[in-house]
Amino acid sequence: MNRLVVSILLLAVMSAGCFWSVFITIDKTNELSGYIDQVEQAHSEGDSEAAVKYANQLHDAWDSVLHYSILVNDLGHAMEITSCIAEISSFAEEGDDELYAACDRAQAQLELFREMQTPTLWKIL
């Protein structure tokens, strides 16, 4: 009987951890998307200093996400997002209009990242 209770408790703790991880991932990726939008807006307004500032905040926020989720996420996909964010920082510093394409790629990669971390029955089976 004690084994059954312990098993149920372990299942409950693991489930809670899973859903907490999903909530944090969604929250952090929404935060990153907001920074990307701010970079695009600042660049479109011609404010390159603000674009660089937001790009640096985006980079720092992504680094904190990596430290949080390094054990549970696909590193290949994380490297792709890191590359997109590095492009955003570089284009923001240069004032290059390729920034918009880099922002679109980063948004698409973040959306894929969100979808990969969301548990579904198909992924469980």
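All of the numbers you see were taken from the coordinates with simple rules; none came from a lab. Just so it is clear, the model here is predicted, and its values are computed rather than measured. Neighbour counts run over all protein chains shown; Cβ positions are idealised from the backbone, glycine included.
Modelled label positions at T120 and W20, each set 7 Å beyond Cα in the direction of Cβ, lie 2.7 nm from each other.
Length gained on full extension, E45 to E80: 9.8 nm, using 0.36 nm per residue less the C-alpha separation.
Using the 10 angstrom Cβ neighbour count as an exposure proxy, how do C18, C103, C84 rank, fewest first?
C18, C84, C103
Averaging over all projection directions, the Cα-based convex hull of the range 22-124 occupies 6.1 nm² in the image plane. Between L9 and Y68, the modelled label-to-label distance comes to 2.8 nm, taking each label 7 Å out from Cα in the direction of the beta carbon.
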